[in-house]
Amino acid sequence: MDHEKVNILLVDDQPAKLLAYEVILKELGENLVVASSGREALEVLLKTEIAVILVDVCMPELDGFELAAMIREHPRFQKTAMIFISAIQVSDIDRLRGYEMGAVDYVPVPVVPEVLRAKIKVFAELYRKTRELERLNQELEDRVRARTAELENSTAKLRESEQRRSMAIAAGKMGSWDWDWNSGDWMWDEGQYRIFGVGPESFEVNPANVQALLHPDDVDQLRKAIAEFNKGTRAYETEFRIVRPDGEVRWCVGTAAATVDDSGRVVRVSGVTVDITERKRAEERQNLLAREVDHRAKNALALAQSIVRLTRADEVKAYVSAVEGRINALARVHTILSLSSWQGAELSKLIDEELAPYSLGGQIILAGPEVQLLPATAQTLALALHELFTNSAKYGALSTRSGRLTIGWQVEDQLLTLSWEESGGPLVMTPKSRGFGTRSLLASVESQLGGQAQFDWRAEGLLCRLKVPLTRKTATAAPGKFDAPSSAELQRASG
């Protein structure tokens, strides 16, 4: 068997003897290194890894015993095998001294080649085996360290992963559970207890107690899931509701997966529960908002249709101006309501928006407390005010510099009374017929809001009083429930 050669150091001061040793040991196939003195041998040892040292006891300057003592003092060579060769009769005392110096054997002269080769071979093989064992031990230690580091790294990653999973479950309002199908034992994590609103110290997890927390209308979902797993289903997902002990209802989505044995029978079911209550509520709010937007859009279109259909004018330009003005009034109140998320509008803000195009520096006086109008009331009054401002700018007090307009309002017993009083303008004549503005004002205030609209066409200026109940059912409907007056209503209001 091929093996790595080892170095054998031959030390003797006589060249002939060194040559003889080389010839004898050549058959071993090892590397033979020669040194003719003890000092030369020390130099070789410092530069070369030596397996066995064959040294002559009797050498000038530095004999074999002294050389052995110096070799053993060095940490690298404390276990190096040394064989002494002695040409003189060695006494027991000399042998004892040699062994104390670190010799492992003695070879007498004349040297028997077979004996010398056998002794050298034994220690060379021993050295080789020792080095191989050291190498294997080192490799084993390296593998153990690598495996230990790998396990530590894997454990650290697993711990980090578990921490991240726990954090993700907590942040995502999730819980995990495990159910032993055969024994019926359940295991819940902290998130599962939190979702159900119970604690491990007071709640025993078992089918009966879990079912008691399910919404009565969703108990069949649990029975259905069990039936599906019994039929061979490996995964199941469903939405369900739970009723916490404090009475709060929560929406959840549950996902479960089955583990089966070699025969295909279910032995364990594990799953995750996610609290989706906020998502459900958001969906409900979104659906409600969509319905409200749809309703408001239909109302706005219906009102715009009525405006277009019933507006009268002698020429196209006047017709377009009238229609645009009324639709712009709707747009302005829509903006106010949008900024309040359709919670309502402040009356003074509504008036400010409508009078902005007619503010003529001191001609208009406002007086009244803060009054919050519901969306339906705000839309109706916006159109009414627009008609009043438009008529005043064309024919009334706002049509001249000398004209004055006073708008006052007050609330008593949830009844809003708004007065519109003009003065200083052109002479007022009672109209022979009512235009669209007057008709729509009457229809909206009286039919839609259950209020009253009174007109007094005084010669010095128009006096109008609007009375609107703030708590009437039609006026307090949910945002978006404003219904535009129909054409029939407008026609009836025209009387």
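See the values below:
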read-out	value
Residues of the stretch 171-194 satisfying the condition of being part of a strand (DSSP E or B) and without any contact (Cβ under 8 Å) to a residue 60 or more places away in the chain	W186, M187, W188
Selection from the stretch 408-424 of residues that are touching a Ser or Thr at 6+ places or on another chain (Cβ under 7 Å) and closer than 15 Å to E370 by Cα	G408, W409, Q410, Q414
Search result, residues across the stretch 336-351 that are part of a helix (DSSP H, G or I) and either at pLDDT 85 or above or at positive phi (or both)	L347, S348, K349, L350, I351
Residue tally, condition among the acidic types (D, E) and modelled with pLDDT of 90 or more, over the stretch 386-412	1
Meets criteria (at pLDDT below 85 and farther than 21 Å from E446 by Cβ) for G368	no
Qualifying position, being surrounded by fewer than 16 Cβ atoms within 10 Å (Cβ to Cβ), part of a helix (DSSP H, G or I) and in contact with a Phe, Trp or Tyr (Cβ under 9 Å, 6 or more places away or on another chain), among K280, K224	K224
Contacts under 6 angstrom Cβ, first residue in the stretch 272-292 being at negative phi, partner among the charged types (D, E, K, R), 6 or more apart	D275/K173; D275/R250; T277/R250
Exclusive hit being in the same structural domain as A16 (by TED's automatic domain parsing) and at pLDDT below 85, set I50, I120, I85	I85
The listed residue being under 21 Å from L10 (Cβ atoms), at pLDDT below 75 and among the aliphatic types (A, V, I, L, M), out of V111, V90, V115	V90
Cβ-Cβ under 9 Å pairs, at least 6 apart or on other chains, the stretch 195-208 side closer than 15 Å to S176 by Cα and at pLDDT 90 or above, far side in a loop (DSSP other than H, G, I, E, B) and of a type in the set (F, W, Y)	F196/F203
Residue pairs meeting the criteria (Cβ under 6 Å; at least 6 apart or on separate chains; first in contact (Cβ under 8 Å) with a residue 60 or more places away in the chain and polar (S, T, N, Q), in the stretch 438-454; second assigned to a helix (DSSP H, G or I) and buried (at least 24 other Cβ atoms within 10 Å of the Cβ))	S444/T380; Q448/T380
Enumerated strands (runs of 3 or more DSSP E) restricted to the stretch 371-473, each holding at least 1 residues that are in contact with a Cys (Cβ under 9 Å, 6 or more places away or on another chain)	415-423, 452-458
V333 vs. criteria at pLDDT below 90, more than 55 Å from the chain's Cα centre (by Cα) and either surrounded by 17 or more Cβ atoms within 10 Å (Cβ to Cβ) or not in a helix (DSSP H, G or I) (or both)	no
Yes/no for M101 being at pLDDT 80 or above, in contact with a Gly (Cβ under 9 Å, 6 or more places away or on another chain) and not hydroxyl-bearing (S, T, Y)	no
Restricting the stretch 236-277 to residues that are loosely packed, with under 14 Cβ neighbours inside 10 Å and among the basic types (K, R), the residue that is farthest from Q221 (Cα to Cα)	R265
Residue count for the stretch 1-37, restricted to those that are exposed (fewer than 13 other Cβ atoms within 10 Å of the Cβ) and assigned to a helix (DSSP H, G or I)	5
Residue list for the stretch 227-243, filter: touching a Phe, Trp or Tyr at 6+ places or on another chain (Cβ under 6 Å) and under 17 Å from R265 (Cβ atoms)	E228
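The values are calculated or read from the model by the stated rules, or taken from the named source; none is laboratory data. Keep in mind it's a predicted model, so treat the numbers as computed, not measured. Quick reminder, even Gly has a Cβ in these numbers, built from the backbone with ideal geometry, and neighbours come from all protein chains shown.
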